[in-house]
Amino acid sequence: TKDGGKTWECALDVDQAGINEVHLDPFNSKIIYACAHQRRRHVYTYLSGGPESTVYKTTDGGESWRKIDTGFPKSDLGRIALAISPVNPDVVYAMVEGYDKEHGGFYKSENRGESWNKQSDYYTSGNYYVELIPDPKNVDKVYSMDTWLHHTEDGGKTFKKTGEKSKHVDNHAMW
């Protein structure tokens, strides 16, 4: 929309996938990231993944988009969670659901998503949690919503439970 929501036009259309996350760069409003997730959900099944699951980026406020997947596995991917560090917007994290640990994991970019480096095999179910929350002061600390809340303090190389006591499982939001 260019008129405050009165009219809309399609800015990004992915044939067999939907956009499950959109992130605006906190320091440059023309840079936007969008995660495409190819999936099928029925009462009797959940299929997460396909060739159209990837991350897109625009640097012109949505006029044109391109895939930014250099360093991701060259296989069908599932849901992708993204987080831009509020400390340093050059650092972008992605948790990529794969069909096994070789094809999924936790990735880090230090050039605004132009290339990715796998940090670890950590990822969680694309059907539920898959949300990353970067720490507002520490670029290397990122929280991951999951049955049990996890976090990394080394940019995704290792994850540990955050230490929840006397609460039920299932973390879908963080305050």
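The values are calculated or read from the model by the stated rules, or taken from the named source; none is laboratory data. Here the structure is a predicted model, which is why all the values come from computation and not from measurement. Heads up, the Cβs are rebuilt from the backbone with ideal geometry, glycines too, and the neighbour counts pull from every protein chain shown. These area figures cover heavy atoms from the full protein model, side chains too; ligands, DNA and RNA do not enter into them. Shrake-Rupley method; radii C 1.70, N 1.55, O 1.52, S 1.80 Å.
Which is without any contact (Cβ under 8 Å) to a residue 40 or more places away in the chain and in contact with a Pro (Cβ under 8 Å, 6 or more places away or on another chain), of 102, 164? Reasoning before the result, please.
Values: 164 fails: in contact with a Pro (Cβ under 8 Å, 6 or more places away or on another chain).
Exactly one of 102, 164 is without any contact (Cβ under 8 Å) to a residue 40 or more places away in the chain and in contact with a Pro (Cβ under 8 Å, 6 or more places away or on another chain), namely 102.
Would you point out which residue out of 124, 152, 162 is in contact with a strand residue (DSSP E or B) (Cβ under 8 Å, 6 or more places away or on another chain) and open to solvent by 30 Å² or more (accessible area, probe 1.4 Å)?
Details: 124 fails: open to solvent by 30 Å² or more (accessible area, probe 1.4 Å); 152 fails: open to solvent by 30 Å² or more (accessible area, probe 1.4 Å).
Among 124, 152, 162, only 162 is in contact with a strand residue (DSSP E or B) (Cβ under 8 Å, 6 or more places away or on another chain) and open to solvent by 30 Å² or more (accessible area, probe 1.4 Å).
For the list (1) in contact with a Pro (Cβ under 9 Å, 6 or more places away or on another chain); (2) open to solvent by 50 Å² or more (accessible area, probe 1.4 Å), I need the number of the one condition that residue 135 fails.
(2)
Need pairs with beta-carbon distance below 9 Å; first residue more than 23 Å from residue 77 (Cβ to Cβ) and within segment 18-37, second β-branched (Val, Ile, Thr) and assigned to a loop (DSSP other than H, G, I, E, B); sequence gap 6+ or separate chains.
Correct list of pairs: 28/59; 30/59.
Looking at this structure, is residue 88 in contact (Cβ under 8 Å) with a residue 40 or more places away in the chain and surrounded by fewer than 17 Cβ atoms within 10 Å (Cβ to Cβ)? It would help to see each step written out before you state the result.
Numbers: in contact (Cβ under 8 Å) with a residue 40 or more places away in the chain: yes; surrounded by fewer than 17 Cβ atoms within 10 Å (Cβ to Cβ): yes.
Spelling it out, residue 88 is indeed in contact (Cβ under 8 Å) with a residue 40 or more places away in the chain and surrounded by fewer than 17 Cβ atoms within 10 Å (Cβ to Cβ).
Considering (1) open to solvent by 40 Å² or more (accessible area, probe 1.4 Å); (2) modelled with pLDDT of 95 or more, say which one residue 167 fails and leave the rest.
Of (1) open to solvent by 40 Å² or more (accessible area, probe 1.4 Å); (2) modelled with pLDDT of 95 or more, only one is false for residue 167: (2).
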